[in-house]
Every structure is written in structure tokens, then in C-alpha cells.
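**Student:** Shown below is the structure under consideration.
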Amino acid sequence: MAPVKNNCNITVGFSTTRLLSSRVIRWVTRSSCSHAFIAFDDRSLNMRMVMQAESWGFELRPWDRWIRHNTLVAEFRPTGPSLEEALQIIARRLGTKFDYRSAVIIGLKSLVQSWSRNRYTLNLNQSPWKLTCSEAVVRFLKQGGYAAVKKSDPETTSPGSLLKAVLADTDEFEANYLKIRYLAFDRTLQIDPGKFKKSVFVFRKKRPVGAR
């Protein structure tokens, strides 16, 4: 697939922290990450920004400040349809409250699935005024027409489940960074390091505008 025009250098990423809450999320969801986010270059401010749903709401934060408190687990550059319009649409929800109810249901769903191995769909409140981190990214990618999330329920998809979907779709996503030590926590992930460029495993803390 030919690369699409991406003036904002948009990426989707997955991360975690050393906080107890992050460790609990990874344990409950059986995944290598506890958080999902959108990153892009803001040329008006001349800085890279992170758009994410935190416990206090859907926010924007400079990359340089965000990376001080988070461990980047994986980052991908979408190579399918352009996401610049989708970015403008999801940005309208900045200030939205965090959806605690969906977050709890995601955890319970993950536990039940790990015990029973049965999949099911929960019809939650689907409030337009609340978002979880993975829900924001799923809605963003759905708005852009990405097949990887076509069947994903925004309100019940965990960060780990979304990571699996993105990692498996090599036609629509190109890996920018993979932290193998953390990804190995999820034994269901099939990762062959030989299929990726060596630069994918090199962490670049600084992300100036325009950097790939």
C-alpha cells in the first residue's frame, strides 16, 4: 500500500507506568500495556503532542512532558487512509470526562474471558461525554476507516486488545518502536524481531516536530 500524506506525523501508541494502577491493569487484561494514545505534530506550537484519556479526562499534553512519566511500549505509524480529518473530529471531545464505568467493565470482561474463553459483547452506556484511553483511539481509527478496528467495540476494547489488532495489521500500520521486554509479558503476541528493522527497537526520547 502506498504511503498516505501525513503532514501531522500521526502515530498511535501504547504505554504503561510503574504505578500500581498500571500494573493492575496489565495483570487484569493480561497485556503488556495499560494505556493507549494518539500522538501528532502541532506545527502551530512547534511541538509534538499526545492526545489521551486520563483519569481526569480527555486531554492534550506535550510529548516531552508526557514521556517523563510514561514508559513507551509500542508506537505505530498508520499507513492506511489519512487520519488528519479524524484527528480534528476526535479533538472536539477534548475535555470529555474519563469513563470509569467502561474501564471497570473492560477489566471484568478480560477476567471472565480468561476464565471461560468465551467472547461476548456488552452494551454499555455509550455516553458521548465520557471516554477511556483505548476507546478514544478505537473511535479515532474507526473514523479514519481502518479495517483493523472494524469489529472492535470502542467501549469494551482494552489497550492490550487494541495493541494486538494494530500489531497484526501490517498493511495499515508500520512499527516505529517496540519494547520487546514489555511486549514479552503478553505471551499471545506473535513477534518475530527478524521481521523488523533494527531501528524499531531503538528508543528515541526526544521527538522534535517532523521527526520520524
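**Student:** Within the range 182-212, track down each residue that is among the small types (G, A, S), surrounded by 11 or more Cβ atoms within 10 Å (Cβ to Cβ) and closer than 20 Å to I10 by Cβ. If you could, list the steps in order and put the result at the bottom.
**Tutor:** We begin by selecting, within the range 182-212, every residue among the small types (G, A, S); these are 184, 194, 199, 210-211.
Within this subset, residues satisfying the condition of being surrounded by 11 or more Cβ atoms within 10 Å (Cβ to Cβ) are 184, 199, 210.
Residues satisfying the conditions are S199, G210.
**Student:** Tell me whether the range 47-61 contains one or more residues that are in a loop (DSSP other than H, G, I, E, B) and either modelled with pLDDT of 95 or more or buried (at least 19 other Cβ atoms within 10 Å of the Cβ) (or both). Break it down stepwise before answering.
**Tutor:** The first filter runs over the range 47-61 and keeps only residues in a loop (DSSP other than H, G, I, E, B), leaving 55-56.
Still in the list and also either modelled with pLDDT of 95 or more or buried (at least 19 other Cβ atoms within 10 Å of the Cβ) (or both): none.
The answer is no, given that none of the residues of the range 47-61 is in a loop (DSSP other than H, G, I, E, B) and either modelled with pLDDT of 95 or more or buried (at least 19 other Cβ atoms within 10 Å of the Cβ) (or both).
**Student:** Going by the structure shown, is F76 crowded, with 18+ Cβ neighbours inside 10 Å, modelled with pLDDT of 90 or more and under 17 Å from F203 (Cα atoms)?
**Tutor:** Numbers: crowded, with 18+ Cβ neighbours inside 10 Å: yes; modelled with pLDDT of 90 or more: yes; under 17 Å from F203 (Cα atoms): yes.
Considered against the rule, which asks whether it is crowded, with 18+ Cβ neighbours inside 10 Å, modelled with pLDDT of 90 or more and under 17 Å from F203 (Cα atoms), F76 comes out as yes.
**Student:** Enumerate the pairs (first residue in the range 13-39 and over 28 Å from L87 (Cβ atoms); second residue anywhere and of a type outside the set (D, E, K, R)) with beta-carbon separation below 7 Å, excluding pairs fewer than 6 apart on the same chain, so at least 6 apart or on different chains.
**Tutor:** V28/G107; V28/S110; V28/L111; R30/S110; R30/S114; R30/G160
**Student:** Checking the structure you have, find out if any residue of the range 76-92 is among the hydrophobic types (A, V, I, L, M, F, W, C) and more than 23 Å from N7 (Cα to Cα).
**Tutor:** Of the range 76-92, the ones among the hydrophobic types (A, V, I, L, M, F, W, C) are 76, 83, 86-87, 89-91.
Retained after the next criterion (residues that are more than 23 Å from N7 (Cα to Cα)): none.
Within the range 76-92, not a single residue is among the hydrophobic types (A, V, I, L, M, F, W, C) and more than 23 Å from N7 (Cα to Cα).
The values are calculated or read from the model by the stated rules, or taken from the named source; none is laboratory data. A quick note: this is a predicted structure, and the numbers were derived from the prediction, not measured. Every residue, glycine as well, gets a Cβ built from its backbone with ideal geometry; the counts of neighbours run over all protein chains shown.
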